[in-house]
Amino acid sequence: MKKNCVLCLFFSLSLLGCHAQKNTSKTGTGSKASDSVQTEVVKAQKSAPVEVNPEIEKLAKVISSMSDRCKAEMKNGSLEELLADLHKVLAVEASFPQDDLSLYYLIDKKHPVDESYVPAHLVKLQSNNFYVVNKKDIYLREDAEAALREMAGNAKTDGVTLDVSSTYRSYAYQKNLFDYWVKVDGLEEAERESARPGTSQHQLGVAIDFGSIDDDYDTTPGGKWMYKHASEYGWSLSFPKGYEDVTGYRWECWHFRYIGVEACRFQEKWFNNVQQYMLEFIDAWKKMQ
Ligand SMILES: [Zn+2]
């Protein structure tokens, strides 16, 4: 059975448009990009258009709308497989609370939430048998707290205690925090580490800063455990090393966002384990007509 693949389809689209590549792609992990393009052009010239799954066409458009860096880093597997995996992730989304923003909600410097947004189901965190809380009066979304509890319980079994230092932040709190860092470091440096109000994952109630909230967290038992196991419990590192141009923030080894296990798998398999790529992709899929 002939299949479309991500790289072939991307090049086909850019050179030929959607219709020309129908039924002409090949299963292509590892095929050279230049070979793919030439093969696609020749085949497309010879073959008449045939029916194609409209969702595959939509997928191709979404991929072509992604940044060049994202496209270069995406796994070059079959589009049918990518589509099936996407549907698995979206099926899980149906089980999220429907009276709140999705756990996949894209929030970043270009996609703010309203000043008035507060998560619908916040629960207060207190130190317990599973994790330690370093601060008073901190809150998370209920589903994120449950996932934290499960994760921390398993860390504990491995002899590691996870300590939580910062969680939900209101718009007003984030504004004060950002203003503070601007005063301390200046605007340019503050922008690299602190979010402007309305643009922080912390306002969604799904992000946690662990431990010392500095680069040293990477070397602690908690930090090491998180890098190895966090995704097994649906937690994803939001701002990885070397992706400041993608995420807008420098490496933050202490900041994790809860997106669910299925989305973590999707991110690892298709998006080079970059959360920003995956969330942008899902956002583009939802908005694409
Ligand atoms: Zn953070």
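Residues in the stretch 221-237 that are within 12 Å of the chain's Cα centre (by Cα), more than 16 Å from residue 106 (Cβ to Cβ) and open to solvent by less than 10 Å² (accessible area, probe 1.4 Å): how many?
Within the stretch 221-237, residues that are within 12 Å of the chain's Cα centre (by Cα), more than 16 Å from residue 106 (Cβ to Cβ) and open to solvent by less than 10 Å² (accessible area, probe 1.4 Å) number 2.
Residue under question is residue 116, and the condition is that it be of a type in the set (S, T, N, Q) and open to solvent by 80 Å² or more (accessible area, probe 1.4 Å); does it hold? Spell out how you get there, then give the answer.
Details: of a type in the set (S, T, N, Q): yes; open to solvent by 80 Å² or more (accessible area, probe 1.4 Å): yes.
So residue 116 fits the description; yes.
Has the stretch 224-243 got at least one residue that is within 12 Å of the ligand (Cβ to nearest atom), of a type in the set (Gly, Ala, Ser) and either under 20 Å from residue 153 (Cβ atoms) or modelled with pLDDT of 95 or more (or both)?
Yes - at least one qualifying residue is present in the stretch 224-243.
Can you name every residue in the stretch 99-126 that is part of a loop (DSSP other than H, G, I, E, B) and closer than 17 Å to residue 259 by Cβ?
100, 101, 102, 103, 104, 105, 106, 107, 113, 119, 121, listed by residue number.
One line per residue, one yes/no per condition, for (1) surrounded by 14 or more Cβ atoms within 10 Å (Cβ to Cβ); (2) touching a helix residue (DSSP H, G or I) at 6+ places or on another chain (Cβ under 9 Å):
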position: 98; (1), (2): no, no
position: 104; (1), (2): yes, yes
position: 129; (1), (2): no, yes
position: 138; (1), (2): yes, no
position: 154; (1), (2): yes, yes
position: 159; (1), (2): no, yes
position: 166; (1), (2): yes, yes
position: 171; (1), (2): yes, yes
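Looking at residue 117, is it out of contact with any Ser or Thr (no Cβ under 8 Å at 6 or more places or on another chain), over 29 Å from residue 221 (Cα atoms), away from the ligand (no atom under 16 Å from the Cβ) and of a type in the set (Phe, Trp, Tyr)?
yes
Do we have any residue at all in the stretch 238-256 that's open to solvent by less than 30 Å² (accessible area, probe 1.4 Å), out of contact with any Lys or Arg (no Cβ under 9 Å at 6 or more places or on another chain), assigned to a loop (DSSP other than H, G, I, E, B) and touching a residue at least 40 places away in the same chain (Cβ under 8 Å)?
Checking the stretch 238-256: at least one residue is open to solvent by less than 30 Å² (accessible area, probe 1.4 Å), out of contact with any Lys or Arg (no Cβ under 9 Å at 6 or more places or on another chain), assigned to a loop (DSSP other than H, G, I, E, B) and touching a residue at least 40 places away in the same chain (Cβ under 8 Å).
Condition (residue is open to solvent by 30 Å² or more (accessible area, probe 1.4 Å), modelled with pLDDT of 55 or more and closer than 30 Å to residue 244 by Cα) applied to the stretch 6-21: is it met by at least one residue?
yes
Evaluate the stretch 175-183: report whether one residue or more is within 16 Å of the ligand (Cβ to nearest atom), open to solvent by less than 80 Å² (accessible area, probe 1.4 Å) and touching a residue at least 40 places away in the same chain (Cβ under 8 Å).
no
Report whether or not residue 211 is within 22 Å of residue 157 (Cα to Cα), open to solvent by less than 20 Å² (accessible area, probe 1.4 Å) and either within 15 Å of the ligand (Cβ to nearest atom) or out of contact with any Cys (no Cβ under 9 Å at 6 or more places or on another chain) (or both). Show your work before the answer.
Details: within 22 Å of residue 157 (Cα to Cα): yes; open to solvent by less than 20 Å² (accessible area, probe 1.4 Å): yes; either within 15 Å of the ligand (Cβ to nearest atom) or out of contact with any Cys (no Cβ under 9 Å at 6 or more places or on another chain) (or both): yes.
Here the answer is yes, as residue 211 does meet what is asked.
Please work out which residue is farthest from the ligand (Cβ to nearest atom), limiting yourself to the stretch 257-289 and to residues that are outside any helix (DSSP H, G or I) and either over 13 Å from residue 70 (Cα atoms) or of a type in the set (Ser, Thr, Tyr) (or both). Steps first, answer last, please.
Of all residues in the stretch 257-289, those outside any helix (DSSP H, G or I) come to 257-260, 271-274, 288-289.
If we keep only those that are either over 13 Å from residue 70 (Cα atoms) or of a type in the set (Ser, Thr, Tyr) (or both) as well, we get 257-260, 288-289.
Details: 257: 9, 258: 12, 259: 15, 260: 19, 288: 30, 289: 34 Å.
Restricting to residues being outside any helix (DSSP H, G or I) and either over 13 Å from residue 70 (Cα atoms) or of a type in the set (Ser, Thr, Tyr) (or both), the top hit is 289.
The values are calculated or read from the model by the stated rules, or taken from the named source; none is laboratory data. Worth saying up front: this structure is predicted, and the values here are computed from it rather than measured. Cβ coordinates were reconstructed from backbone atoms using ideal geometry, including for glycine residues, and neighbour counts include every protein chain displayed. For the accessible areas, the whole protein counts, side chains as well, though only heavy atoms, and no ligand, DNA or RNA atoms are used. Shrake-Rupley method; radii C 1.70, N 1.55, O 1.52, S 1.80 Å.
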